[in-house]
1. Just to be sure, is Leu27 within 10 Å of the chain's Cα centre (by Cα) and more than 13 Å from Glu87 (Cβ to Cβ)?
2. Would you say Asn61 is polar (S, T, N, Q) and within 11 Å of the chain's Cα centre (by Cα)?
3. If Ser43 passes every condition in (1) modelled with pLDDT of 95 or more; (2) among the hydroxyl-bearing types (Ser, Thr, Tyr); (3) crowded, with 17+ Cβ neighbours inside 10 Å but one, which one does it miss?
4. Sort out which residues of the range 83-101 are assigned to a loop (DSSP other than H, G, I, E, B), loosely packed, with under 12 Cβ neighbours inside 10 Å and in contact (Cβ under 8 Å) with a residue 24 or more places away in the chain, and write them in order of number.
5. For the range 55-81, how many residues are part of a loop (DSSP other than H, G, I, E, B) and of a type outside the set (Val, Ile, Thr)?
6. Quick check on my filter: what residues within the range 37-54 are assigned to a helix (DSSP H, G or I) and either farther than 13 Å from Ala20 by Cβ or touching a strand residue (DSSP E or B) at 6+ places or on another chain (Cβ under 8 Å) (or both)?
7. Is it true that some residue in the range 50-68 is polar (S, T, N, Q), surrounded by fewer than 16 Cβ atoms within 10 Å (Cβ to Cβ) and either at positive phi or in contact (Cβ under 8 Å) with a residue 40 or more places away in the chain (or both)?
8. Exactly one condition in (1) in contact (Cβ under 8 Å) with a residue 60 or more places away in the chain; (2) within 12 Å of the chain's Cα centre (by Cα); (3) surrounded by fewer than 19 Cβ atoms within 10 Å (Cβ to Cβ) is not met by Lys13; state its number.
Amino acid sequence: MKIAIASEEKDEKGQISDRAGRASNYLIFEDKKLVETIKNPFSVGSGGAGFSVAKMLADMNVDVVVAVKFGDKMIGALDERDVKYKELSGSIQEALVNLLS
């Protein structure tokens, strides 16, 4: 399973971002291992961040996206692409344990 977690940090020691579309980074995990850190190109700018992030992550074949809160447009875009999402708060490491247990 490929998991993308919204974060303001660039490693798995941080907290989950409360801004899904505007998170500074997305950490990509496969088999419980961090495989890629993506600087979110949509974290600043005008509207449409959630839709654009959803498309970017779906194009990367992400199975689940994690953030504290998702906007309605991002949820719609994820649903259209059959990408699951999970609203979780706390540390990134705790989220991984939650998702993979």
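The values are calculated or read from the model by the stated rules, or taken from the named source; none is laboratory data. Just so we're clear, the structure is a prediction, and the values are computed from it rather than from any experiment. Heads up, the Cβs are rebuilt from the backbone with ideal geometry, glycines too, and the neighbour counts pull from every protein chain shown.
1. Values: within 10 Å of the chain's Cα centre (by Cα): yes; more than 13 Å from Glu87 (Cβ to Cβ): yes.
When the stated conditions are applied, Leu27 passes them.
2. On the way: polar (S, T, N, Q): yes; within 11 Å of the chain's Cα centre (by Cα): no.
When the stated conditions are applied, Asn61 does not pass them.
3. Failing condition for Ser43: (1).
4. Selection gives Gly90 alone.
5. Step one: of the range 55-81, the residues part of a loop (DSSP other than H, G, I, E, B) are 60-63, 68-71, 81.
Retained after the next criterion (residues that are of a type outside the set (Val, Ile, Thr)): 60-61, 63, 69-71, 81.
Residues meeting the conditions: 7.
6. Initial filter on the range 37-54 (assigned to a helix (DSSP H, G or I)): 49-54.
Listed by number, the residues that qualify are Val53, Ala54.
7. Residues of the range 50-68 that are polar (S, T, N, Q), as a first pass: 52, 61.
Restricting the remaining residues to those that are surrounded by fewer than 16 Cβ atoms within 10 Å (Cβ to Cβ) gives 61.
Adding the requirement that they be either at positive phi or in contact (Cβ under 8 Å) with a residue 40 or more places away in the chain (or both) leaves 61.
Yes - at least one qualifying residue is present in the range 50-68.
8. Checking Lys13 against (1) in contact (Cβ under 8 Å) with a residue 60 or more places away in the chain; (2) within 12 Å of the chain's Cα centre (by Cα); (3) surrounded by fewer than 19 Cβ atoms within 10 Å (Cβ to Cβ), the one that fails is (2).
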